[in-house]
Amino acid sequence: LNVTEEKFVLDTLAGCTEYKSILDVVVNAFYVQDGRYCPISERNLYIVICYLATFQLEEIGLQHFSRIVKSLDTAKMQQFLRFFFNDLYLKTWIKDEWSHFYDSVYVKENWIDPLLRWQPKVQQLIEKLTDKLSNRATTIKTSRVTQPKEFNLTVPKPRAIPPPSPAPLPVLPKRQPVPPSIYKAPKERKQLEEIKTKNIQKAKIIFSLVLFNLAPFICFKFLCRIISAVLVLWSQKSCEQYLEVVWESVLTQYFEELTKQPQDLIDNIPIKLNTAAILREGALYQRKLEEELKRVENLQQGAGDPSEFLEWQKQMRGKDLEEQLTEIECRRLQGKLSYEEAVLAHQNVIQENKKKADLLREEKAELMNLYAEKCLQEQKEMKELVEQVMEGHKNVKQVKAKIQEYKQQIVQQVCEESEELLRQALEKKEDENRKRYELIQQIRAIESTSGIRQKFVDLTETGGHGLFGEMSIVELRERLALLKEAQKAAEEEKRDQIIHEKQAKEQLILDKLDQISQFRAELGRAAALKQEEKKKSQSGERPMKDERILNLQKKIVEKKIERKKQAGLL
């Protein structure tokens, strides 16, 4: 080596040894976070780069430092420099760890602040390394480099660049007018509606005939539900009279059949009950009996009869139900009214959109004119730029040759230094492996000399631990046998108890069944009397519609007429 190179290498080695504690902080953290998959044999290489960046960057300069970095592995250097020159790391934990070894003020002024000043320029170097990795640019190292010589040829005159033809202006295709058939309803829809109305009338007549013929064979309550549902769904005037006639004939026929059948057969239908149902029904009847006895006692003591209050409560509940129904109808009509208003608002929006579209067309024509003028100006600027670039390409080859020679010299120097560092690391690793192997051999020799120990166990002796409940294994087995016998006796006693409880429960269920049958007979007779009274007093008329409903219906009709007029204008 030259004198200057030898001095640089010795100073770097001395600095790495002197500041080994603070350099190990950065390198160890790098191996923990970003360098988990980097080999440990390259640790000294990272220490040298960290020392040069921290202490020698201002002396050697960024250009020399970048040559050293580029001569090494691109991916590893890019990863280490990105980790070390991180603003957050330098200001937080690196500064705190270095302050354990040196004064915090000294660390900040002499080491951290210079690194932060160099950080933008080093960041450019990191971006170059990243671009090199992304482009996969690899240089082939050869021992000899061929020096090409230029041929003595006449330099051709630069060709004149023909002016580019102006780009044609884009022309929008002419839009076709909307066909008038879109705003007219199709004929097929009217035909389908006529067929639908005819099929509904036929279905009403057929359903009423089938219902009249099958009336004697269907349950009366189920038949009433079917006819009421059909009357609600079929609200047209053409079949109302016919359905009323069918309804009256079916009712008369069913009342005649019900009077012929005995009431006892209907009430005394056997029903199979399980244990839970029997107990639940028995508790219900017992509670009703207690309430009735309590009511009788209150009447004897002078209390009033709550039947009038219950009747008033029933009437008020009926009024509340009617009010709820009217409120629901009002909400439905309000929703229909809001739908009509939304349709009108949509039609108004369509008209506004048409006006906006006309304004946009005019603005678009103006923008197209501006765009054509801008394109012509850009073509002139591009022509001037091409002429400048052609003049700058003349003296590039000589500069490239000089740069290539300088790069080769730097690469050769760095390769020799890295080989020396690798050799030292390999020698150190071999010494460590040899010492580790000798230590393993000693441990194995010690383990092979250990003798075999045997211990004989007497089951009749105690452990001798000094505990209160200490016993031998034989005594423990005898006590376990006694516990098992006691457990069997307890199980037998519990089994007998369960059998007695089961018999008592069966007797209780039989008693409950007798009590239930008596209560059912009494309740059946009371229900029959109540049904007869209800038939005599039942007479109801349909309530008149509320004024709010009528007003909403009128508003809906007006909105529909207005919407149809607006649709005709569109």
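Name the single residue, out of those in region 540-557 being among the basic types (K, R) and modelled with pLDDT of 80 or more, that is most open to solvent (accessible area, probe 1.4 Å). Here the answer is K554. For region 218-240, state whether one or more residues are open to solvent by less than 100 Å² (accessible area, probe 1.4 Å), of a type in the set (D, E, K, R), at pLDDT below 60 and assigned to a helix (DSSP H, G or I). The answer is yes, given that some residue of region 218-240 is open to solvent by less than 100 Å² (accessible area, probe 1.4 Å), of a type in the set (D, E, K, R), at pLDDT below 60 and assigned to a helix (DSSP H, G or I). When Q497, Q507, Q531, Q515 are checked against the criterion of being assigned to a helix (DSSP H, G or I), in contact (Cβ under 8 Å) with a residue 60 or more places away in the chain and of a type in the set (S, T, N, Q), a single residue qualifies: Q515. Scanning region 558-570 for residues that are without any contact (Cβ under 8 Å) to a residue 40 or more places away in the chain and open to solvent by less than 80 Å² (accessible area, probe 1.4 Å) yields one hit, G568. Scanning region 88-115 for residues that are more than 11 Å from V26 (Cα to Cα) and open to solvent by 60 Å² or more (accessible area, probe 1.4 Å) yields a total of 12. Any residue in region 459-476 that is among the acidic types (D, E), open to solvent by less than 90 Å² (accessible area, probe 1.4 Å) and either touching a residue at least 60 places away in the same chain (Cβ under 8 Å) or part of a loop (DSSP other than H, G, I, E, B) (or both)? Looking through region 459-476, at least one residue is among the acidic types (D, E), open to solvent by less than 90 Å² (accessible area, probe 1.4 Å) and either touching a residue at least 60 places away in the same chain (Cβ under 8 Å) or part of a loop (DSSP other than H, G, I, E, B) (or both). Within region 478-508, restricting attention to residues that are open to solvent by less than 90 Å² (accessible area, probe 1.4 Å) and over 59 Å from the mean Cα position of the chain (by Cα), which residue is nearest to E281 (Cα to Cα)? By that ranking, first place goes to D496.
Tallying residues that are more than 30 Å from L293 (Cβ to Cβ) and either open to solvent by less than 60 Å² (accessible area, probe 1.4 Å) or modelled with pLDDT under 85 (or both) within region 305-321 yields 1. Listed here are the helices (runs of 4 or more DSSP H) enclosed by region 13-123 that have at least 3 residues being under 41 Å from the mean Cα position of the chain (by Cα) and within 22 Å of S418 (Cβ to Cβ): 20-32, 74-84. E419 satisfies every condition listed in (1) under 57 Å from the mean Cα position of the chain (by Cα); (2) over 30 Å from I40 (Cβ atoms); (3) not hydrophobic (A, V, I, L, M, F, W, C) except (2).
Taking the condition of being at pLDDT 55 or above, β-branched (V, I, T), surrounded by 10 or more Cβ atoms within 10 Å (Cβ to Cβ) and under 19 Å from A521 (Cβ atoms), how many residues in region 256-291 meet it? Selection size over region 256-291: 1.
Does S21 satisfy being under 22 Å from Q424 (Cα atoms) and either open to solvent by less than 70 Å² (accessible area, probe 1.4 Å) or free of Cβ contacts under 8 Å to residues at least 60 places away in the same chain (or both)? So S21 fits the description; yes. Checking each residue in region 166-185 for being modelled with pLDDT of 80 or more and open to solvent by less than 80 Å² (accessible area, probe 1.4 Å) picks out only P179. With respect to being in contact (Cβ under 8 Å) with a residue 40 or more places away in the chain, farther than 21 Å from L13 by Cα, hydrophobic (A, V, I, L, M, F, W, C) and open to solvent by less than 100 Å² (accessible area, probe 1.4 Å), L421 falls outside the description. Examine region 509-523 for a residue that is open to solvent by 90 Å² or more (accessible area, probe 1.4 Å) and within 60 Å of the chain's Cα centre (by Cα), and state whether such a residue exists. Yes, that holds for at least one residue. Just one residue in the set K380, K356, K407 is touching a helix residue (DSSP H, G or I) at 6+ places or on another chain (Cβ under 8 Å) and part of a helix (DSSP H, G or I); that residue is K407.
Determine whether Y339 is open to solvent by 90 Å² or more (accessible area, probe 1.4 Å) and either of a type in the set (S, T, Y) or not in a helix (DSSP H, G or I) (or both). Yes: the conditions hold for Y339. Total residues in region 52-70 satisfying the condition of being open to solvent by 10 Å² or more (accessible area, probe 1.4 Å) and touching a Ser or Thr at 6+ places or on another chain (Cβ under 8 Å): the figure is 1.
The values are calculated or read from the model by the stated rules, or taken from the named source; none is laboratory data. If you're wondering where the values come from, they're calculated on a predicted model, not measured in any experiment. No Cβ is skipped: glycine too gets one built from the backbone with ideal geometry, and neighbour counts run over all protein chains shown. These accessible areas exclude ligands, DNA and RNA; they are computed on the full protein's heavy atoms, side chains included. Shrake-Rupley method; radii C 1.70, N 1.55, O 1.52, S 1.80 Å.
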